[in-house]
Amino acid sequence: MQPSKTLLLVGGTSDIGRATALHYAQAGWYVQLAARNEEEARRNADDIRARTGTEVTVHRLDILDTGSFDSFTNSLPTLPDTVVCVVGELGDQAKGQTDMVHASLLLRTNFEGPALLLGLFAERFLARGSGTLVGVSSVAGDRGRGSNYLYGAAKAGFTAFLSGLRNRLAPKGLRVVTVKPGFVRTQMTAGMKLPPVLTAEPGEVGRAIFAAAEKSGRDVIYVRPIWRPVMMAIGSIPERFFKRLRL
Amino acid sequence: MTELAGWGRYPRHPSETLSPASPKALPSLMASRTGLVARGNGRAYGDAAIGERVTLMTQGLDRIRAFDQATGRIQVEAGVLLSDLLDVVVPRGFFPPVVPGTKFVTIGGMIASDVHGKNHHRDGGFGDHVESLTLALPDGGVVTCSRDENPELLSATIGGMGLTGTILDATFRLRPTETGWMRQTTTVARNLDGAIRALQETSRATYSVAWIDCLASGASLGRSLVFAAEHATRRDIDALRPGAEPYPPSKLGSLGVPLELPSFTLNRLSVSAFNELYFRAGAVKSGYPFLVHWNPYFFPLDGISSWNRIYGRRGFLQYQCVIPTAQAQAVLGSMLERVSKHDNASFLAVLKQLGASHGDLSFPLEGFTLTLDLPVSDDVFPLLNELDRLVVEAGGRLYLAKDARQSPATFEAGYPGLSRFRDLRRAIGATDRISSRLSVRLGI
């Protein structure tokens, strides 16, 4: 039997993180869950272990504490084969317009932390000569909109970072996957009215991530394919009209 | 505010809903509100899981906490669905000790309703198998309940319809099985007397249930198919279906009921045709044991998603009563007679034997339970009031998880444990804080 591969899931208390980790565990992977709230992460770890019988460990990580990333990567029992980062914070756009602490939190949580962490793993993977990096970005990063451009700008930065990293690592045989889930029914979107056709369940996102990262070899995925034409249409509206739309 | 209803889609009430993401977040939410009750997957038929003002949604409490494959002991949060649990444990050679007629219920709901299965006559209700549970009390306190710790609170919570607090998690033991198949034997009973006798004769079987043709009358009143079953062994597979996979994949029928059908779709003719078909299909297999997948044996209606919509916009009532053994035949016979004369035929009529139960408000008692589905209409209420009278006279009772309309008097007559239950609610401060539409309607 092949020795099982290792997944590091960053954002282990989120619904997408839980679903993705469960999908990998069902495929026989050993799972490391990283999260700020260890108690909540342990709840998910116990659940995945009970459902699949695979080994799951919990590792404390604060995505804003970039100074701790180096010691975090060194402290892991095994250097993972795949890192999936699902960290994200929708936040409050209106609040961030005047509250600089909140605005900075959104930019750092959605861009700085995830990008720097994956960048650090990229160096470890280069040294080893193998590894896959998966970043969960957002359709909100495809074009800035008045209702969520702090979040959107950070995700746009993350998307660009992943694209650049992929460009650099591809010749070395390392993979970088960008995931744009679209709307997902999670705690983050609880209470919002979401169009059913455009809204994925967390399990769908987990399945799509596993398929792109471990099977199909695709670089950029929208979880529900319908998002590709939708975002293409949104992207093609000339700015002089777009700026007048209420989005 | 959201409009909430049970599975029968009658009645509907507005309620505020709160959705805690974890068991840790729930107790403080409870302490901050009054007039609330927890809701699992909303499969109670009537108004049991609609808060008087606030309804606590428990879907976020869906983690399995521990599963010991050596002993079969499992600890789960209260919002874990039975369907989810089955997917995890059946392929590993285990089965829940008791399952109700649908797998789309939460473990918390199964305890709060002390659900019974086709094995109640032998194995008791689900509550009898709970080793311990964690309960969030009305004041936000959290306690463990087991046979040794807070036993009074445990027996009030089992079957207590969520009115003692909110169950956060529970620990129970699964039964080991050799395969995922059931060895079923079907017998035809020509009338009610025959059905009751057949159920008594098959009471040595682990599982047994009778499907009654409600439209048969006269000498065939109560004609039934009686399904008895055991968990199949490896040897059963070799004998009855050699080469079959021991744990067949769980498949679910994809046939759904997409829209609300107009009420006239289910009239006497279509129901009669359905029953005739059902009888012929059953009669073919009569007498010989055969193997059937656990899923259709235990959950035949789960294959049709949203089957509750076939009764149309006004919704339907599920009427489930239990009649003590000595009077079962006479009383159930006269109930069936009244129902068969009624224009709104019952689509589904199920007869089962029950044993005693132990929760203060648990439904089962030694006797026979009859379940009928009736679409809501103006003349169905007088019919059911008449049936209630027969139930009360016979010393029987109605199942709270199904109830949407019984009177406080009928309820009080059927549940002698009520005063103890009320005392306990007063003692833990639940009386003014935890209330569902059902508890308000019945004065619990």
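The values are calculated or read from the model by the stated rules, or taken from the named source; none is laboratory data. Just so you know, these numbers come straight off a predicted model, no measurement behind them. Heads up, the Cβs are rebuilt from the backbone with ideal geometry, glycines too, and the neighbour counts pull from every protein chain shown.
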If I filter segment B:140-165 down to residues being more than 19 Å from the chain's Cα centre (by Cα) and buried (at least 24 other Cβ atoms within 10 Å of the Cβ), which single residue comes out as nearest to B:Arg73 (Cα to Cα)?
B:Cys145
Against the condition in a helix (DSSP H, G or I), modelled with pLDDT of 95 or more and in contact with an Asp or Glu (Cβ under 6 Å, 6 or more places away or on another chain), how does B:Phe411 come out, does it pass?
no
Can you confirm whether B:Val54 is surrounded by fewer than 23 Cβ atoms within 10 Å (Cβ to Cβ), farther than 24 Å from B:Ile304 by Cβ and not assigned by TED's automatic domain parsing to the domain that holds B:Ala404?
yes
Where residues in segment A:185-203 are in a loop (DSSP other than H, G, I, E, B) and more than 12 Å from chain B (Cβ to nearest Cβ), which of them is surrounded by the most Cβ atoms within 10 Å (Cβ to Cβ)?
A:Glu201
Candidates B:Leu266, B:Leu240, B:Leu301, B:Leu225, filtered to the one that is at pLDDT 60 or above, more than 21 Å from the chain's Cα centre (by Cα) and either polar (S, T, N, Q) or surrounded by 13 or more Cβ atoms within 10 Å (Cβ to Cβ) (or both)
B:Leu240
Which residue pairs have Cβ atoms closer than 8 Å, lie 6 or more positions apart in sequence or on different chains, and pair a first residue in segment B:306-333 that is in contact (Cβ under 8 Å) with a residue 60 or more places away in the chain and buried (at least 22 other Cβ atoms within 10 Å of the Cβ) with a second residue that is hydroxyl-bearing (Ser, Thr, Tyr) and part of a strand (DSSP E or B)?
B:Gln318/B:Thr371; B:Tyr319/B:Thr371; B:Cys321/B:Thr369; B:Val322/B:Thr369; B:Ile323/B:Thr369
Could we say that B:Arg122 is more than 28 Å from A:Thr54 (Cβ to Cβ), more than 14 Å from the chain's Cα centre (by Cα) and either of a type outside the set (Val, Ile, Thr) or more than 12 Å from every other protein chain (Cβ to nearest Cβ) (or both) here?
yes
Among the residues of segment B:387-406, the number that are surrounded by 15 or more Cβ atoms within 10 Å (Cβ to Cβ) and either outside any loop (DSSP other than H, G, I, E, B) or polar (S, T, N, Q) (or both) is 8
Check whether at least one residue in segment A:9-32 is crowded, with 22+ Cβ neighbours inside 10 Å, of a type in the set (D, E, K, R) and closer than 19 Å to B:Ile64 by Cβ, and report yes or no.
yes
Limited to segment B:48-92, what total is found for residues that are in contact with a Pro (Cβ under 8 Å, 6 or more places away or on another chain), within 11 Å of chain A (Cβ to nearest Cβ) and part of a loop (DSSP other than H, G, I, E, B)?
2
Could you count how many residues in segment A:126-158 are more than 13 Å from the chain's Cα centre (by Cα), farther than 21 Å from A:Arg168 by Cβ and in a loop (DSSP other than H, G, I, E, B)?
7
What are the residue pairs meeting all of these: first residue in segment B:417-437, first residue under 20 Å from B:Ala136 (Cβ atoms), second residue surrounded by fewer than 20 Cβ atoms within 10 Å (Cβ to Cβ) and of a type in the set (Val, Ile, Thr), Cβ atoms under 7 Å, and 6 or more apart or on different chains?
B:Arg425/B:Thr431; B:Asp432/B:Thr34; B:Arg433/B:Thr34
Quick one: which residue in B:Lys341, B:Lys352 is under 22 Å from the mean Cα position of the chain (by Cα) and among the basic types (Lys, Arg)?
B:Lys352
Out of the helices (runs of 4 or more DSSP H) lying entirely within segment A:1-77, which hold 3 or more residues that are over 17 Å from the mean Cα position of the chain (by Cα)?
A:38-52, A:69-75
